[in-house]
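One structure is given below, encoded as structure tokens.
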Amino acid sequence: MKELTLILGEISAFMWGLPLVILLVGGGLFFVFHSRFLPYLHLKHALDITLGKFSKEDKAKGDLTHFQALMVALSGTLGLGNIAGVAVAITIGGAGAIFWMWVTALVGIATKFYTATLAVNYRGVDRSGRIQGGPMYVIREGLGKKWLPLAWLFCLGGMFGALPIFQINQLVQVMRDFIAIPHGLATANDHFSFDLVTGIFLCCLITYIVMGKLERLAKITSKVIPMMVICYFLFRYFQ
């Protein structure tokens, strides 16, 4: 196990080093020039679409509005890593980390433009006859049936890849340190009861959201994400 851990650590360190920078920045720059700066020239039009200016409910296909689709996408992007990860990067890398975050963000606009465009152009229909999207449908609809194993691999990776991350632990840790311990609901040495009750509550809440499928997820994220972004800016301003 120690040897396996060392091997995986070396692979991770290599992949998260220069190769990742070349892939993200180089790939993003390719999309920037290939699109002839299209994502940057029509930002106002993109905002108008998101705000529903061009929505036609009687003609649009799909279960979500443009705004809801954006909020669902942001819900899977914004998180603790965007706050703590940035702070750690600045602490370790200094001004250089800020520069590369700016660079990857700017060129990442073009990368996201292409991935979103592919997801819209190559949407598929599931077994219940509803329109769905995502990389697996892009592979199936865009590349053909001979590439279906790659789509299955992506789906399996999506199901099992997030299991070791344990995102819920981060939320419970924050609630314990900033809410439970200051108010006497838990102690630094004994917090099993608080973690158990909080975990069960969050499990029930997330199950309720997931069982409502995409529509319920979109309705909740369209209310929570704007509030989260506003609170983040306010906390940064009054820090």
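Of note, ALA95 does not satisfy the criterion of being over 21 Å from LEU153 (Cβ atoms) and under 17 Å from the mean Cα position of the chain (by Cα). Within the stretch 1-50, the set of residues being more than 19 Å from TRP102 (Cβ to Cβ) and surrounded by 13 or more Cβ atoms within 10 Å (Cβ to Cβ) comprises SER35, LEU38, HIS42, ALA46, ASP48, ILE49, THR50.
Within the stretch 169-208, the only residue that satisfies the criterion of being surrounded by 14 or more Cβ atoms within 10 Å (Cβ to Cβ) and closer than 30 Å to ILE131 by Cα is LEU202. Mind checking which residues of the stretch 207-222 are of a type in the set (A, V, I, L, M, F, W, C) and either outside the structural domain of HIS183 (by TED's automatic domain parsing) or in contact with a helix residue (DSSP H, G or I) (Cβ under 8 Å, 6 or more places away or on another chain) (or both)? The answer is ILE209, VAL210, LEU214, LEU217, ALA218, ILE220.
Within the stretch 152-169, one or more residues are modelled with pLDDT under 80, β-branched (Val, Ile, Thr) and outside any strand (DSSP E or B).
Among the residues that make up the stretch 139-146, is at least one of them surrounded by fewer than 12 Cβ atoms within 10 Å (Cβ to Cβ), modelled with pLDDT of 80 or more and either under 18 Å from the mean Cα position of the chain (by Cα) or assigned by TED's automatic domain parsing to the domain that holds LEU74 (or both)? No, the stretch 139-146 contains no residue that is surrounded by fewer than 12 Cβ atoms within 10 Å (Cβ to Cβ), modelled with pLDDT of 80 or more and either under 18 Å from the mean Cα position of the chain (by Cα) or assigned by TED's automatic domain parsing to the domain that holds LEU74 (or both). State the number of residues belonging to the stretch 167-199 that are over 30 Å from THR65 (Cα atoms) and under 24 Å from the mean Cα position of the chain (by Cα). The number of residues fulfilling the criteria is 8.
The values are calculated or read from the model by the stated rules, or taken from the named source; none is laboratory data. For clarity, every value in this text was computed on a predicted model and none was experimentally measured. As a convention, Cβ positions derive from the backbone with ideal geometry for all residues, glycine included, and neighbour counts pool all protein chains shown.
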